[in-house]
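Asks: There's a structure below that I have some questions on.
The values are calculated or read from the model by the stated rules, or taken from the named source; none is laboratory data. Model, not experiment: these values are computed from the prediction. We place every Cβ from the backbone using ideal geometry, glycine too, and count neighbours over all the protein chains shown.
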Amino acid sequence: MDIITTIGGDDDGLDGPVAARLRVKRLVTEGTCLRSAARQHYEYARHMFVFFVDNRISQIFDISDDSEKQGQAQPIVPPPTLRPPPPRVSIDMRQFYADYIACINSGRLADDLHQFCKPSGVVWNGTRLSVQQYGDMIQASLDAISGLFFDIHTLVVDQARQQLAARIEFTGTPVKPYAGGVPSGRQVTFAEHVFYWLEQGRISDVLSIVDWEEYRSHLAR
């Protein structure tokens, strides 16, 4: 297991949370549909938020995309490189993110999302999307899950590197088949661990893992 990137700790104080993106390599030996020995190795990502009290770990939130990556040979998406310098006029990144989430929760994606995203688009989990496509992806979840609410549980900021990491906790009631789940009339709660990179005060890159297994488990109960 390798540490790919971390945010927090130094800037937020000794007891501040640390967000980490990890790469895990696994060898599959049985119970797999992989077609050759060369494809029996695969890797997946884990996003962790680690909390400390008196310099000791007190709590860990951990989400992986293991189930989605089984049977795939490609490596995990690396963080972006060759980052530009921070903007000359710094922004309050915590307020920026709170406003971004408020834009989603208030249904203002169509009108206001462009204020938070790089004009040329966003690279989401390695896929380049226009601002419109990025907004459509978010809107699809809002359409499939009635009353979907994004709650910022944890936010870690690195002003110097223009990076954010957040644990978002969701609540809502699915009304359409989505992410492998079929609506059952039950409310769901699940979470996302997501890393953001900003350029000139706008979101340019996103690496996200959503706990879809937890989402589907709520529907099956």
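Asks: Are there any pairs, at least 6 apart or on different chains, whose C-beta atoms fall under 9 Å, with the first in segment 176-187 and under 14 Å from Glu213 (Cα atoms) and the second basic (Lys, Arg), and if so, which?
Replies: Ala179/Arg216; Gly180/Arg216; Gly181/Arg216; Val182/Arg216
Asks: Could you list all residues from segment 50-67 that are surrounded by 15 or more Cβ atoms within 10 Å (Cβ to Cβ) and closer than 27 Å to Arg128 by Cβ?
Replies: Ile63, Ser64, Asp65, Asp66
Asks: Moving on to the next point. Residues that are under 16 Å from Val194 (Cα atoms) and among the hydrophobic types (A, V, I, L, M, F, W, C), at least 2 per element: which helices (runs of 4 or more DSSP H) completely within segment 48-119 meet that?
Replies: Helices (runs of 4 or more DSSP H) meeting the threshold: 93-105.
Asks: Scan segment 160-171 for residues that are under 13 Å from Thr6 (Cα atoms) and either part of a strand (DSSP E or B) or among the polar types (S, T, N, Q) (or both) and jot them down.
Replies: Across segment 160-171, the qualifying residues are Gln162, Gln163, Leu164, Ala165, Ala166.
Asks: Counting only residues that are within 22 Å of Thr127 (Cβ to Cβ) and polar (S, T, N, Q), how many does segment 161-185 have?
Replies: 2
Asks: Also: Going by what's in this entry, would Gln133 be described as in contact with a strand residue (DSSP E or B) (Cβ under 9 Å, 6 or more places away or on another chain) and part of a helix (DSSP H, G or I)?
Replies: yes
Asks: Which one is nearest to Ser130 (Cα to Cα), of the residues in segment 185-203 that are in contact with a Gly (Cβ under 9 Å, 6 or more places away or on another chain) and surrounded by fewer than 20 Cβ atoms within 10 Å (Cβ to Cβ)?
Replies: Per the criteria, the residue is Thr189.
Asks: If you don't mind, there's one more thing I want to ask. Kindly check whether there is at least one residue in segment 35-50 that is outside the structural domain of Glu192 (by TED's automatic domain parsing), over 26 Å from Gln115 (Cα atoms), modelled with pLDDT under 70 and of a type in the set (A, V, I, L, M, F, W, C).
Replies: Yes, the conditions are met somewhere in segment 35-50.
Asks: Filter segment 186-212 down to the residues that are at pLDDT 95 or above and either in a helix (DSSP H, G or I) or more than 18 Å from Val123 (Cβ to Cβ) (or both) and list them by number.
Replies: Result: Gln187, Val188, Thr189, Phe190, Ala191, Asp211, Trp212.
Asks: Then there's this: For segment 102-147, name all the residues that are touching a Phe, Trp or Tyr at 6+ places or on another chain (Cβ under 8 Å) and of a type in the set (Ser, Thr, Tyr).
Replies: Tyr134, Ser141
Asks: So which pairs qualify, if the first residue must be in segment 83-107 and surrounded by 13 or more Cβ atoms within 10 Å (Cβ to Cβ), the second must be modelled with pLDDT of 95 or more and part of a loop (DSSP other than H, G, I, E, B), the Cβ gap must be under 8 Å, and the two must be at least 6 apart or on different chains?
Replies: The qualifying pairs are Phe96/Phe116; Asp99/Phe116; Tyr100/Phe116; Cys103/Phe116.
Asks: Quick check on segment 96-109. Is at least one of its residues more than 24 Å from Thr154 (Cβ to Cβ) and among the acidic types (Asp, Glu)?
Replies: no
Residues checked against (1) free of Cβ contacts under 8 Å to residues at least 60 places away in the same chain; (2) crowded, with 17+ Cβ neighbours inside 10 Å; (3) among the polar types (S, T, N, Q); (4) within 19 Å of Ile63 (Cα to Cα):
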{"position": "Thr127", "(1), (2), (3), (4)": "yes, no, yes, no"}
{"position": "Gln132", "(1), (2), (3), (4)": "yes, no, yes, no"}
{"position": "Ile152", "(1), (2), (3), (4)": "yes, no, no, yes"}
{"position": "Thr171", "(1), (2), (3), (4)": "yes, no, yes, yes"}
{"position": "Val206", "(1), (2), (3), (4)": "no, yes, no, yes"}
{"position": "Ile209", "(1), (2), (3), (4)": "no, yes, no, yes"}
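Asks: Let me confirm something: among Leu148, Leu142, which residue is of a type outside the set (Phe, Trp, Tyr), assigned to a strand (DSSP E or B) and surrounded by 15 or more Cβ atoms within 10 Å (Cβ to Cβ)?
Replies: Leu148
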